[in-house]
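One structure is given here, and the rest of the page talks about it.
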Amino acid sequence: MDGKILARIGAVVFIAVALTVTAIEMSSKDDEPDAPAMPHRSIASKDPLASELRRCSGIGEAGPRDPGCLKAWADSRRRFLGQRAPATVSAPVAPTTVFPNVAASADRKEGERSDVTAPEMQAEPSWPEAR
């Protein structure tokens, strides 16, 4: 026998064995799944935050507007980052004004001009004449 014929016979036998092993593996049923499924009830009963996060993920687009979801996400973020819970709830911060130098008039009606004068116009810098 030539070396070429022997190599071809070896390749055919190798492919036949590989196909047989693949067919046997595909036909056998796994008795045990690769990743064990964790029941949702055990997690929810142990951790109320997990059940709240699950509820928030189920309500869809209404989640970002739900105060309970916002609190749950903040607690989850705090827990993940390893931060301590805030000791006290801080008082709401007063809104800041855009123009603090301008006095706000509470009795001013809508559409009525305020008596605040506009800042003076600055003169344009003089440009040197080109010669």
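What's the ranking of 64-71, 12-19 by average number of surrounding C-beta atoms within 10 Å, highest first?
With the highest mean Cβ count within 10 Å placed first, the list reads 64-71, 12-19.
Remark: spin-label model distance residue 83-residue 57 equals 2.2 nm, labels positioned 7 Å along the Cα→Cβ axis. Under 5 Å from the amide H of residue 66 lies no amide H of any residue 5 or more positions distant or on a separate chain, with H modelled from the backbone and absent for Pro and chain starts. In this rough spin-label picture, where each label sits 7 Å from Cα along the Cβ direction, the residue 49-residue 65 distance is 2.7 nm.
Just so you know, all these numbers are worked out from the coordinates, no wet-lab data involved. It should be emphasised that the depicted structure is a prediction, and the values quoted were computed from it without experimental measurement. Positions of Cβ are backbone-derived with ideal geometry, glycine not excepted, and every protein chain shown enters the neighbour counts.
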